[in-house]
Structure formats: structure tokens, C-alpha cells
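The values are calculated or read from the model by the stated rules, or taken from the named source; none is laboratory data. Note that this is a predicted model, so its numbers are computed, not measured. Cβ: placed from backbone, ideal geometry, glycine included. Neighbour counts: every protein chain shown. These accessible areas exclude ligands, DNA and RNA; they are computed on the full protein's heavy atoms, side chains included. Shrake-Rupley method; radii C 1.70, N 1.55, O 1.52, S 1.80 Å.
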Amino acid sequence: MVTMRGRSVNQAKSFNNDYENDLNYTFGMCRLLLKPLGVWTFIYHRVSRFERVLSIPLLFICFSSLFFTILPSVYNMLFMEEDLQNVVKLLGPISFCMFSTIKYCLLGVRSNALGRCILHVERDWKMVRDPDHRAIMLKQASISRFLITICVGFLYSGGMSYHTVMQFLSKERTNTNVTLRPVTYPCFNFLDTQSSPTYELVFFAHCVTAMVMQTITTAGYSLAATFVTHMCGQIRIQISRLDNLIDEYREKNNFQERIAVIVRDHAEVLRFSKDVEEGLREVCLTEIVESTLIMCLLEYYCLTEWENNDTVAILTYIMLLVSFTFIIFIFCYIGELLSEQCSKMGPAAYEIRWYNLSSKNSYDLIMLCAVALYPPKLSAGKIIDLSINTFGTVVKTSVLYLNLLRTFATW
């Protein structure tokens, strides 16, 4: 049984007849987000040759749209724009675009570690036998899909409102005496963005960039949510095995075999957590820095538009602020959830009727209790542990930077 666990996914015998459907259900949202970015073929082993070839033009389109927005915007902000208020107003969307590009690169750089994580999940779905254990795993997969759906809804609605509705209905646009066709980001000087079809092409390119940026953010989040909820499901399975350990031992007198299965699978969860940590630590760190900066700027934009009585802009910025706050909250929440679930192994081992075991068998539970004292954690770049306390720190830091920004902007 132990040797089966160590085999590759293709070699291991499947004990779950519905594992293909279960795997598609688990990674359906991740695949839907990663395929348009061209990244899915780098981290998943079972893809066709056509999909691998198709990923090349997708990567080219995504990077081209990002750099088409970043390069002229940064040049305009640093060298052309003289009004400090306009510079601050450009800083938020340009920062989001730059951080999205960094996360996009990190997903490719960490594709091997992310691929190992997907292989691990695939093995777990193949090896599950007990219908109750499968139900636990499906429940955790449904939780991750629910969280990803909410994240997609928040971010896409807020992001696309900023790039479309706000550009045409904002009071700043409608109050000007000169009719200008709005563009979300500054463009190269040689492009006449007020004439057709240049304007339509530029506006379309900016909308494509917005879709790419939002997809990158939700893609990284979807992987983190899927992997962590899967780990929590595996921990719940080990706890349920511990709860039934004494009764099954009395019926079948096979304590050593059953405790070996629990210890082995718990060790697999710990190895899985290391792969998840390796694959997502830079993405999480980027998300922490990005959320702190963007939340600060969005808070400033809300206050500024409140003074201007621009209802459309206020609602758009509030929607974006809620989106970024929710995303960083869920990142921190799943980190807290992972540590909390893994730390339950010790109390679960203690609360079984171990006193009905022989001294030799009861000693075998000590290692589980000791390991549970140091639960795995999801960290941001091995610098910041993701937890609810971290979320509070991010919010407080964004408010602190807001006060500094308001002081600086009034000089």
C-alpha cells in the first residue's frame, strides 16, 4: 500500500472510479482561468500537443497587452505628467498592471512546483476508497470553487466597471467643455487616440489588458484556494480515522497497520504543504505588497471623488476596494485555516480512548501530538505568515499610508 502511494499518477492503480470527474470538479475553475493565460500547459502534465502549441500565441498576446499598457503609462507618469494629482491617480492602475505582470511571470517560473502540487492532488483522488472520505474531499473542493467564484465576481465587476462605465459616465469626463473620447491609460504620443479606428483599437487593447490582469490575479488565488482546501480535506480524513481508530482496532486487531496509514498520509500532507509553499510564496508576497499599496490608493481615490461628488467614480472605487480587501482577506484566511486544521491532529490523537490501548501502542500516538505542535503555514516569501492577524496588519498599514499620501499630496 505504501509503495502504491509512491508511484507516479499514471502507474498508480485507481481505487476511485469517478476520480476523473472529481479531478475535473476540483481543478475546473483553475483550468478555466489558467488556460487563456497559456500557463496551464506548463503546470499540468496531461495536455495535448495542440494545447501546448496554442499556449505560445496566448502568452504573446497577454504579454503584449500588458506591455502596451505599462510602457507608455510609466513614461507619461514619470516624464510627461506635471500635475501631482494626476500622477497619484495613474499610480493605482499602473501599479496593478505591473504587479499582475510580476505574478504572471512567477506562475511560469514556479510551474514545476505547482505541477507537483497538481500531481499530488491527482494521486489523492485516485487513492481514496472510503465514500465518506470522498465526500469530505468533494466538500472541500466545493468550498474552494465557491471562494473562487466570489473572487471572480468581485474583481471582474469592479475592474471592468473601471475600464468601461467609469470612463464614460464619470463627472470628470462629462463636465469638461471639450469632448474627448476617454482612454483608460496614456498611450504613445504617435498614436492619435481621438480618431477612428485608432481609438477603438486602443480602447479594445486596454479592455483586453484589464481581462488579462484580472485573470492573472484570480488564477493565482484559485490555485492557493484549491490546494489549501484540499490539504484541509486530507487533515479532516486523518482526524476521522483517528476518531475510529480504537473501535476498528478492537474489531480487527490491526492497530499498527492503521496508525501507519494515518502517519504516512499525514506526512504526505506535510510534504504537499512544502510544495504549495514553494509554488506560491512569491505570489503571496506580491499579493501582500500589491494589496497594501492598491488599498491605500483606492481609499485615497474614494475620498477625492467624495469631495468631487462623483457618484459613478465613488461606487467604482468602492467596488474595487471591496474586491482587493476580499482577495487579501481570503489569502490570509486560507493560511489561517491550514494552520488551524493541521494543529487539530494533536488534540484529536489525545481525545481518542488511548488509555484502552496497550502501553506500546499508546506510545505511537506521541509523535502525532508532537508534529501537530508545529503545523505547516502558508507564508508570503518566507517573510510573512498568512493569517487573520496579517490581514489586520495589511488594513492598518494601508490606512497609515493613506494618511502619508494625503499629507504628501497637499504639499
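Which residue is nearest to Glu305 (Cα to Cα), if the candidates are limited to the stretch 55-74 and must be among the aromatic types (Phe, Trp, Tyr) and touching a residue at least 40 places away in the same chain (Cβ under 8 Å)?
Here the answer is Phe68.
Taking the stretch 267-301, which residues are of a type in the set (A, V, I, L, M, F, W, C) and open to solvent by 20 Å² or more (accessible area, probe 1.4 Å)?
The answer is Ala267, Leu270, Leu285, Val289, Leu293.
Can you name every residue in the stretch 80-100 that is free of Cβ contacts under 8 Å to residues at least 60 places away in the same chain and among the polar types (S, T, N, Q)?
Matches in the stretch 80-100: Asn86 only.
Which of (1) out of contact with any Leu (no Cβ under 7 Å at 6 or more places or on another chain); (2) within 21 Å of Val39 (Cα to Cα); (3) among the hydrophobic types (A, V, I, L, M, F, W, C); (4) open to solvent by 10 Å² or more (accessible area, probe 1.4 Å) does Val212 not meet, given it meets every other one?
(1)
One line per residue, one yes/no per condition, for (1) modelled with pLDDT of 85 or more; (2) basic (Lys, Arg); (3) open to solvent by 70 Å² or more (accessible area, probe 1.4 Å); (4) in contact with an Asp or Glu (Cβ under 6 Å, 6 or more places away or on another chain):
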{"residue": "Arg181", "(1), (2), (3), (4)": "no, yes, yes, no"}
{"residue": "Cys187", "(1), (2), (3), (4)": "no, no, no, no"}
{"residue": "Ile216", "(1), (2), (3), (4)": "yes, no, no, no"}
{"residue": "Ala219", "(1), (2), (3), (4)": "yes, no, no, no"}
{"residue": "Thr226", "(1), (2), (3), (4)": "yes, no, no, no"}
{"residue": "Asn244", "(1), (2), (3), (4)": "no, no, yes, no"}
{"residue": "Glu248", "(1), (2), (3), (4)": "no, no, no, no"}
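Restricting to the stretch 337-349, and then to whatever is open to solvent by 20 Å² or more (accessible area, probe 1.4 Å) and among the polar types (S, T, N, Q), can you tell me which residue is nearest to Ala370 (Cα to Cα)?
Ser343
Looking for whichever is closer than 23 Å to Phe99 by Cα, open to solvent by less than 40 Å² (accessible area, probe 1.4 Å) and modelled with pLDDT of 85 or more here; the options are Ile318, Ile334, Ile383. Which one fits?
Checking each option against the conditions leaves just Ile334.
Hey, Tyr199 hits all of (1) open to solvent by less than 20 Å² (accessible area, probe 1.4 Å); (2) under 22 Å from the mean Cα position of the chain (by Cα) but one; which does it fall short on?
(2)
May I ask you to list the residues in the stretch 35-69 that are open to solvent by 20 Å² or more (accessible area, probe 1.4 Å), part of a helix (DSSP H, G or I) and under 29 Å from Thr193 (Cα atoms)?
Pro57, Leu58, Leu59, Phe60, Ile61, Phe63, Ser64, Phe67, Phe68
Quick test of your reading of the structure: Met367 fulfils all but one of (1) over 24 Å from Cys97 (Cβ atoms); (2) touching a helix residue (DSSP H, G or I) at 6+ places or on another chain (Cβ under 6 Å). Name the failing condition by number.
Of the numbered conditions (1) over 24 Å from Cys97 (Cβ atoms); (2) touching a helix residue (DSSP H, G or I) at 6+ places or on another chain (Cβ under 6 Å), the odd one out for Met367 is (2).
In the stretch 90-128, which residues are open to solvent by less than 10 Å² (accessible area, probe 1.4 Å), closer than 15 Å to Thr286 by Cα and in contact with a Gly (Cβ under 8 Å, 6 or more places away or on another chain)?
Once the filter is applied, which keeps residues that are open to solvent by less than 10 Å² (accessible area, probe 1.4 Å), closer than 15 Å to Thr286 by Cα and in contact with a Gly (Cβ under 8 Å, 6 or more places away or on another chain), the stretch 90-128 yields Lys103, Leu107.
Find the residue count for the stretch 78-89, including only residues that are surrounded by fewer than 16 Cβ atoms within 10 Å (Cβ to Cβ) and under 19 Å from Gly159 (Cα atoms).
Count: 0.
Quick one: count up the residues across the stretch 122-147 that are within 17 Å of Tyr221 (Cβ to Cβ) and of a type outside the set (Phe, Trp, Tyr).
Of the residues in that region, 7 qualify.
Could you say which residue among Phe227, Phe154, Phe146, Phe188 is aromatic (Phe, Trp, Tyr), at negative phi and without any contact (Cβ under 8 Å) to a residue 40 or more places away in the chain?
Matching residue, one of Phe227, Phe154, Phe146, Phe188: Phe146.
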